[in-house]
Amino acid sequence: MVNFRFLSANSVKVLTLICASVFAWYLGYFFAEILPEDSIQTAIGHVQRLGEKPIIKAPLPVRQKCAVWRKCQPDEVVYSIRCGGAKSILPVICLEDEILLGGPKKTGDRGFNFVIVNPNTMKVIDTKTFDMYDGDFSGPMVEFINKIPDKSIIMVASYDDVNTKLNDAAKKAFEDLGSKEIRNLKFRSGFVFLAIKGGSLPVEAEKEKIIHSDGSRNRYNGWPAEIQIDGCLQKS
């Protein structure tokens, strides 16, 4: 005997499958008619790219002013002061990516190297080197410091020895500018210094650094490693 209930259930399943197929075909035809072809191609492309691995590109390195990894504000300029090292590595003083002393300029010499900058124009108004090993230049250096115009930016970097002929009056002149380390100098100590004549720097600003020659720790034979201070200066 034939099971009509079984045939009826299968017939419903077949009919449902046919209806679903026709409905799906109709929907595809409908959307193909109303959507622009480029939109369809774009959608297909997006689906195809879902399985692709994303390509991560590293950002291009940003050139830093004065080779200093600091982000200064628009109303600030970046500075760096590095002392010399050994017999051939000159000190380098840089302001807003301009080398003011040393580097390619090959300027600077044994002793204290001064660069004086106008705070309004941020341009150099004077440079001077005072040898503290051969000759008595402490007196002329004190006179030079005293004649620097008020509010000027004073940047100092040592090269070789700055202590042998440094007298008390010269040390006092540096202290008047805000130095805390000038009396700690020894033979061939490295020294970098930043000050504003008659003014003050932000508390967080790097103003001074010192390093002493030590035969067991020197980077160079008879000379310590170079040291550097850097940061941001407010434009006037």
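The values are calculated or read from the model by the stated rules, or taken from the named source; none is laboratory data. Being a predicted model, the structure only gives us computed values, none of them experimental. Here the Cβ is made from the backbone with ideal geometry for all residues, glycine too, and neighbour counts use every protein chain on show. When the accessible area is computed, the model is the full protein with side chains, heavy atoms only, and any ligands, DNA or RNA have been set aside. Shrake-Rupley method; radii C 1.70, N 1.55, O 1.52, S 1.80 Å.
Just a few scattered comments:
- In segment 180-211, of all residues being free of Cβ contacts under 8 Å to residues at least 40 places away in the same chain and in contact with a helix residue (DSSP H, G or I) (Cβ under 8 Å, 6 or more places away or on another chain), the one that is nearest to Ala157 (Cα to Cα) corresponds to Ile210.
- Any hit, segment 201-213, residues being among the small types (Gly, Ala, Ser), within 18 Å of Ile81 (Cα to Cα) and assigned to a loop (DSSP other than H, G, I, E, B): yes
- Residue check, Leu95 more than 25 Å from Tyr220 (Cβ to Cβ), touching a residue at least 12 places away in the same chain (Cβ under 8 Å) and either of a type outside the set (D, E, K, R) or open to solvent by less than 50 Å² (accessible area, probe 1.4 Å) (or both): yes
- Residues that are touching a helix residue (DSSP H, G or I) at 6+ places or on another chain (Cβ under 9 Å), in a strand (DSSP E or B) and buried (at least 22 other Cβ atoms within 10 Å of the Cβ) within segment 124-167 comprise Phe130, Val156, listed in sequence order.
- Apart from one condition, Ser236 fits all of (1) surrounded by fewer than 19 Cβ atoms within 10 Å (Cβ to Cβ); (2) under 19 Å from the mean Cα position of the chain (by Cα); (3) not aliphatic (A, V, I, L, M); the exception is (2).
- Candidate set from segment 201-218 (those that are of a type in the set (Lys, Arg) and touching a strand residue (DSSP E or B) at 6+ places or on another chain (Cβ under 7 Å)); member that is surrounded by the most Cβ atoms within 10 Å (Cβ to Cβ): Lys207
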